[in-house]
Amino acid sequence: MRARRALLYMPGDDLHKIQKAIGLNVDTICMDIEDAVAHNRKADARATIVEALRTLDFGRSEKLVRINPVGSGLEEDDLLAVLPAMPDGLVLPKVGDAEYIRWVSYQLTEAERAAGRPEGSMILLALIETARGVVNLKEICQASPRLQGLIFGAEDLAGDIGAVRTRAGWEVFYARSAVVTHAAAFGLQALDMVFMDLHDIDGLREESEEGARMAYTGKQIIHPRQVEPVQAAYTPSAEAIAHARRVVEAAAQNQEAGAGAFVLDGKMVDMPVVRAAERILDRARAAGVDA
Ligand code: COA
Ligand code: MG
């Protein structure tokens, strides 16, 4: 699976922002037709996104489209317009159950057949941002082999359950934790909530590092200046990689010698510590860092 350390949104009707995004070396670009686009601009957004997909070279960035939710009455027009231009995949907002994903996946299969593309070419990421989405996580995770990751939407979730958003985020902590745990259980990536303050880069860094410690693999972002801090927070540091390598090598030698548990730098190392070290090396490789 490709690394998605940062997923940058922009309104799909804003060609300038799409062009700008391409120069940012961001892992994933997500052109929106949902909540960042005014009701009377949905058609413009579809047309602009199709033009961008057909004419621009996105370089190493993944190109995704966020459609309007299934059931909104807009989703069929979104799919009809956008799928023939073959984005790399879709971000699905307000996913509440598995049927939602199965329905979209079927539409993708039809579009792939029509374009003569292999079935399964287009991937899906599901936004979990409603109470129903949280309680149906287990079924949602198993809805389609196209599903590569879950995305946690804190602002919509707070609105849906009637909670008041705070900086500390305890009002959404159960859901934030449930999303990352289900992602791990089903081998999916997990992308953390948006940091809304565009000018507080220290706060953004802190929240990104916290997400990485919770085992999130990336984060949604909304402004060019958020790319570097977030991608850095989701890339293991050189020290972390070096230490992980030492743990894995020492564990292999100790296993040879018949020891499952041993001491390294005064600390006990056993299987969970070795697995954590292997995960760091996996993440580094996925991010293109030599590990
Ligand atoms: N993607 C690409 N480029 C962006 C961008 C984004 N998300 N946000 C800003 N830019 C560009 C601007 O176009 C501007 O380019 P320029 O210097 O060539 O004119 C530059 O970065 C600086 O932008 P700035 O003036 O600081 O911001 P703004 O006032 O133009 O826009 C927002 C502020 C919040 C409207 C904008 O950042 C945005 O649209 N973010 C994404 C919103 C979104 O998609 N939300 C849905 C998911 S939560
Ligand atoms: Mg949302």
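The values are calculated or read from the model by the stated rules, or taken from the named source; none is laboratory data. Being a predicted model, the structure only gives us computed values, none of them experimental. Quick reminder, even Gly has a Cβ in these numbers, built from the backbone with ideal geometry, and neighbours come from all protein chains shown. What goes into the accessible areas is simple: the full protein's heavy atoms, side chains included, and nothing from ligands, DNA or RNA. Shrake-Rupley method; radii C 1.70, N 1.55, O 1.52, S 1.80 Å.
Overview of results
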read-out	value
Estimated D of the range 18-64 in µm² per second, where Rh is the Kirkwood radius over Cα pairs and Stokes-Einstein applies at 4 °C, 1.567 mPa s	115
For the range 69-115 versus the range 1-58, the gap between their alpha-carbon centres in whole angstrom	16
Computed [θ] at 222 nm, deg cm²/dmol, the chain (DSSP H ≥ 4; -39,500 (n - 2.57); rounded to nearest 500)	-14000 deg cm²/dmol
Whole-Å distance, taken between Cα centres, linking the range 237-291 and the range 140-190	29
For peptides 121-131, 92-102, sequence by mean Cβ density within 10 Å, most packed first	121-131, 92-102
Positive dipole terminus of the range 84-168, leading residue within Cys141, Ile151, Val164 (C-beta point charges)	Val164
Per residue Cα convex hull volume in Å³ - calculated over the range 1-158	109
Within the accessible area of the range 1-114 (1.4 Å probe), percent carbon and sulfur	49
P(r) of the chain over all Cα-Cα pairs, binned every 10 Å from zero, in whole percent	6, 27, 34, 21, 9, 3, 0
Among Ser237, Gly260, Phe186 - extreme Cα towards positive end, dipole of the chain, charges at beta-carbon	Gly260
Nearest-20 debye value, the chain charge dipole, Cβ charges on Lys, Arg, Asp, Glu	460
Lysine pairs in the chain with Cα atoms under 24 Å, if 8 or more residues apart or on separate chains	13
Relative contact order [Cα under 8 Å, 6+ residues apart], the range 32-112, whole percent	32
Full-stretch length increase - Val289, Gln253 - with 0.36 nm per residue and alpha-carbon distance subtracted	10.5 nm
Per-selection Rg to Rh, the range 108-267 - Cα, Kirkwood hydrodynamic radius	1.07
